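Peer 1: Shown below is the structure under consideration.
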Amino acid sequence: MIRDGLRFTVRDFSFEPGAAYRYRVSVIDESGERVLFETGEVRTPAAALALRQNHPNPFNPTTTIEYYVPARCAVSLEVYDTAGRRIARLVNDVQEAGWHSAEWSGRDDAGRTVASGVYFSSVRAGKEIITKKMVLLR
């Protein structure tokens, strides 16, 4: 943005997808603080469903799975083995938009410890599904 021969650049890394913001540029000099200008409403685009790689990976005995939900909806986060069998359901609830996380302890829904190997975390929100591979090393 250029005003009165001055150039202004703003980088905001703390925004939420789908939100609206206004930015105000002020100057402070010997006579005090004054507003140079304020932007109109700036709307950020909504983000899509996202599933981050679990961490740590490989893991033993627990790992954290983070995911982004773009709007309030029913969400499930499940763990599957390589044969496609559901091993554990970590989340099965309506959740608000935003980042969420769950921890998997390497146990099935009955509480039994599962074997070392490759597993898949799968998040479903609305009609979207994302799956990532993770490795459990005992």
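Peer 1: Among the residues of the stretch 48-74, how many are of a type in the set (D, E, K, R) and farther than 24 Å from R138 by Cα? Even if it seems obvious, please write down each step before you answer.
Peer 2: Filtering the stretch 48-74 for residues of a type in the set (D, E, K, R) gives 52, 66, 72.
Keeping just the survivors that are farther than 24 Å from R138 by Cα gives 72.
Here the count works out to 1.
Peer 1: Filter the stretch 62-74 down to residues that are within 12 Å of the chain's Cα centre (by Cα) and open to solvent by less than 30 Å² (accessible area, probe 1.4 Å) and give me whichever is nearest to T9 (Cα to Cα).
Peer 2: It comes out as Y68.
Peer 1: Something else: Name, by its number, the condition in (1) open to solvent by 70 Å² or more (accessible area, probe 1.4 Å); (2) modelled with pLDDT under 95 that does not hold for R124.
Peer 2: The failed condition is (2).
Peer 1: Continuing with the same structure: How many of the residues in the stretch 92-112 are in contact (Cβ under 8 Å) with a residue 24 or more places away in the chain and not aromatic (F, W, Y)?
Peer 2: Number of matching residues: 10.
Peer 1: Among what's in the stretch 23-47 and is surrounded by 12 or more Cβ atoms within 10 Å (Cβ to Cβ) and not hydroxyl-bearing (S, T, Y), pick the residue that is farthest from L136 (Cα to Cα). Give the derivation first.
Peer 2: Going through the stretch 23-47, the residues surrounded by 12 or more Cβ atoms within 10 Å (Cβ to Cβ) turn out to be 23, 25, 36-37, 39, 42, 44, 46-47.
From what's left, not hydroxyl-bearing (S, T, Y): 25, 36-37, 42, 46-47.
Details: V25: 50, L36: 56, F37: 54, V42: 44, A46: 34, A47: 30 Å.
Going through the qualifying residues, I end up with L36.
Peer 1: Which residues, counting only those in the stretch 48-61, are surrounded by 13 or more Cβ atoms within 10 Å (Cβ to Cβ) and either of a type in the set (V, I, T) or part of a strand (DSSP E or B) (or both)?
Peer 2: Passing the criteria: A50, L51, F59.
Peer 1: A further question follows. Which number in (1) in contact with an Asp or Glu (Cβ under 8 Å, 6 or more places away or on another chain); (2) at pLDDT 95 or above; (3) of a type outside the set (S, T, Y) marks the one condition that D108 misses?
Peer 2: Result: D108 passes all but (1).
Peer 1: Search the stretch 71-85 for residues that are without any contact (Cβ under 8 Å) to a residue 40 or more places away in the chain and under 19 Å from S105 (Cβ atoms) and pair each with any residue that is of a type in the set (F, W, Y) and surrounded by 15 or more Cβ atoms within 10 Å (Cβ to Cβ) when their beta-carbon atoms are under 9 Å apart and the residues are at least 6 apart or on different chains.
Peer 2: That search, which allows pairs on different chains as well, returns D81/Y119; D81/F120.
Peer 1: Right, next: Looking at the stretch 33-49, can you tell me whether even one residue there is within 29 Å of K132 (Cβ to Cβ), aliphatic (A, V, I, L, M) and modelled with pLDDT of 90 or more?
Peer 2: yes
Peer 1: Sticking with this one: Being polar (S, T, N, Q), closer than 15 Å to A48 by Cα and in contact (Cβ under 8 Å) with a residue 40 or more places away in the chain narrows it down to one of T131, T62, so name that one. It would help to see each step written out before you state the result.
Peer 2: Values: T62 fails: closer than 15 Å to A48 by Cα.
None of the others qualify; the one that does is T131.
Peer 1: Taking T82 as the residue in question, decide whether it is in contact with a Lys or Arg (Cβ under 7 Å, 6 or more places away or on another chain) and loosely packed, with under 12 Cβ neighbours inside 10 Å.
Peer 2: Values: in contact with a Lys or Arg (Cβ under 7 Å, 6 or more places away or on another chain): no; loosely packed, with under 12 Cβ neighbours inside 10 Å: yes.
No.
Peer 1: Shifting gears a bit: Quickly run through the stretch 90-106 and pick out the residues that are touching a Ser or Thr at 6+ places or on another chain (Cβ under 6 Å) and over 13 Å from I65 (Cα atoms).
Peer 2: Listed by number, the list holds a single entry, N92.
The values are calculated or read from the model by the stated rules, or taken from the named source; none is laboratory data. These numbers come from a predicted model, not from an experiment. Using ideal geometry, Cβ is built from the backbone for each residue, glycine included, and neighbour counts are taken over all protein chains shown. Keep in mind that these areas ignore ligands, DNA and RNA; they rest on the heavy atoms of the full protein, side chains included. Shrake-Rupley method; radii C 1.70, N 1.55, O 1.52, S 1.80 Å.
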